[in-house]
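Everything on this sheet refers to the single structure shown next.
Taken together, the values in this text are just the output of simple stated rules run on the coordinates, not laboratory data. Quantities reported herein were computed from a predicted structural model and do not represent experimental measurements. Don't worry about glycine lacking a Cβ; one is built from the backbone with ideal geometry, like all the others, and counts go over all protein chains shown.
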Amino acid sequence: MRVTCALRTVSAGWQEDCTPPGMAYVITEGCTKDFLCVEACPADCIAPRQDDPKAEELDQLFVDPDNCIDCGACVPVCPTSSIMPLEDVPADMQAYVDKNAAYFRN
Ligand code: SF4
Ligand code: SF4
């Protein structure tokens, strides 16, 4: 399934339909910022980390779409089932796809 993002000015390499290159997993609603997924991720692609001052201001963590290796290790450790593969993100949560990617732009 292809995903359409709200913004057309996206990272280099994104496909014509705004599908982020390589994005495999997305953190959606319900994240409580317990950082369990950060510890489980072998690619170090979930941010911010607990010791990052930005963590306090944000309401959730995010997966870096360019570095996620699609291993799924973060899914079973999440107590709120907030992490899901891109293709499983339901229509009413599509905004989270861009929200995750947007954190890593700039
Ligand atoms: S699928 Fe693997 S690489 Fe991607 S965010 Fe989860 S643990 Fe990290
Ligand atoms: S494991 Fe789930 S609830 Fe915990 S920080 Fe990661 S996404 Fe949020």
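Scan region 53-72 and give yes if some residue there is free of Cβ contacts under 8 Å to residues at least 40 places away in the same chain, assigned to a loop (DSSP other than H, G, I, E, B), away from ligand 2 (no atom under 11 Å from the Cβ) and surrounded by 15 or more Cβ atoms within 10 Å (Cβ to Cβ), otherwise no. Checked against the condition, which is being free of Cβ contacts under 8 Å to residues at least 40 places away in the same chain, assigned to a loop (DSSP other than H, G, I, E, B), away from ligand 2 (no atom under 11 Å from the Cβ) and surrounded by 15 or more Cβ atoms within 10 Å (Cβ to Cβ), region 53-72 yields no hits at all. Restricting the search to region 73-95, which residues are assigned to a helix (DSSP H, G or I) and either surrounded by 13 or more Cβ atoms within 10 Å (Cβ to Cβ) or in contact (Cβ under 8 Å) with a residue 12 or more places away in the chain (or both)? Within region 73-95, 86, 87, 93, 95 qualify. As a summary of the residue check, residue 98 satisfies the conditions (1) touching a residue at least 40 places away in the same chain (Cβ under 8 Å); (2) within 14 Å of ligand 2 (Cβ to nearest atom); (3) not in a loop (DSSP other than H, G, I, E, B) except for the one numbered (2). Taking residues in region 32-52 that are assigned to a loop (DSSP other than H, G, I, E, B), and partners anywhere that are aromatic (Phe, Trp, Tyr) and more than 11 Å from ligand 1 (Cβ to nearest atom), the pairs with Cβ atoms closer than 8 Å and at least 6 places apart or on different chains are 49/35; 50/35. How many residues are near ligand 1 (Cβ under 10 Å from one of its atoms) and closer than 13 Å to residue 83 by Cβ when one looks only at region 40-60? Residues flagged as near ligand 1 (Cβ under 10 Å from one of its atoms) and closer than 13 Å to residue 83 by Cβ within region 40-60 amount to 4.
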